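The structure appears below as structure tokens.
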Amino acid sequence: MVINGNRKRILLVEEDPVQRLLIREYLETFGQYQVQESRGLFHLLSTCESPLSGLSLVLLDMEWSRADGVDLMVEIRKRNPRLPILGMTDRQADLYGDPRLWGYSNGFISKPFSPYHLHRSIAATLRAHAMNMINR
């Protein structure tokens with residue numbers, strides 16, 4: 001989704017370097033996204049906290065070896081309540097019942113996904129977020 005000719009800025013948070021490269025390539029295929037990769041947990045949280053980051057969306061892997069994706073999502077939301085977060089997971093059914101997500105997630109995309117499915121999920125999340133902001 002390009003608004004006023006500007007590409008949407010996505011913060012990609014994926015621990016696995018191979019997955020991160022693949023997802024980045026998926027996003028760049030559409031030419032509508034400027035992708036910034038998180039350089040670790042501290043960078044993730046400080047970037048999301050900054051009002052000058054210009055982020056449109058955080059694309060967050062929910063499975064981490066040294067952290068809990070749900071806890072990360074909650075921390076991002078505390079730092080920037082208006083920043084949309086789209087979680088990526090291969091265990092989506094396990095997450096639906098987690099009460100920590102209520103009010104924190106803007107949605108999930110199940111791994112594995114195609115470039116088209118990723119693009120559609122991001123576009124839908126950004127549209128829904130824009131509508132929510134208008135209705136506030």
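With respect to being farther than 21 Å from residue 116 by Cα and free of Cβ contacts under 8 Å to residues at least 60 places away in the same chain, residue 74 fits the description.
Does residue 65 meet the test of being among the small types (Gly, Ala, Ser), at pLDDT below 90 and surrounded by 19 or more Cβ atoms within 10 Å (Cβ to Cβ)? No: the conditions fail for residue 65.
Please enumerate the residues belonging to region 27-54 that are touching a Ser or Thr at 6+ places or on another chain (Cβ under 9 Å), surrounded by fewer than 20 Cβ atoms within 10 Å (Cβ to Cβ) and closer than 26 Å to residue 116 by Cβ. Once the filter is applied, which keeps residues that are touching a Ser or Thr at 6+ places or on another chain (Cβ under 9 Å), surrounded by fewer than 20 Cβ atoms within 10 Å (Cβ to Cβ) and closer than 26 Å to residue 116 by Cβ, region 27-54 yields 34, 36.
Residues in region 117-132 that are loosely packed, with under 13 Cβ neighbours inside 10 Å and without any contact (Cβ under 8 Å) to a residue 12 or more places away in the chain: 131, 132. For residue 114, the criteria (1) modelled with pLDDT of 90 or more; (2) out of contact with any Phe, Trp or Tyr (no Cβ under 6 Å at 6 or more places or on another chain); (3) surrounded by 14 or more Cβ atoms within 10 Å (Cβ to Cβ); (4) not acidic (Asp, Glu) hold in every case but one, which is (3).
Scanning region 29-61 for residues that are under 22 Å from residue 127 (Cα atoms), modelled with pLDDT of 85 or more and in a loop (DSSP other than H, G, I, E, B) gives 30, 31, 32, 54, 55, 56.
The values are calculated or read from the model by the stated rules, or taken from the named source; none is laboratory data. Because the structure is a prediction, the values reported are computed rather than measured. Quick reminder, even Gly has a Cβ in these numbers, built from the backbone with ideal geometry, and neighbours come from all protein chains shown.
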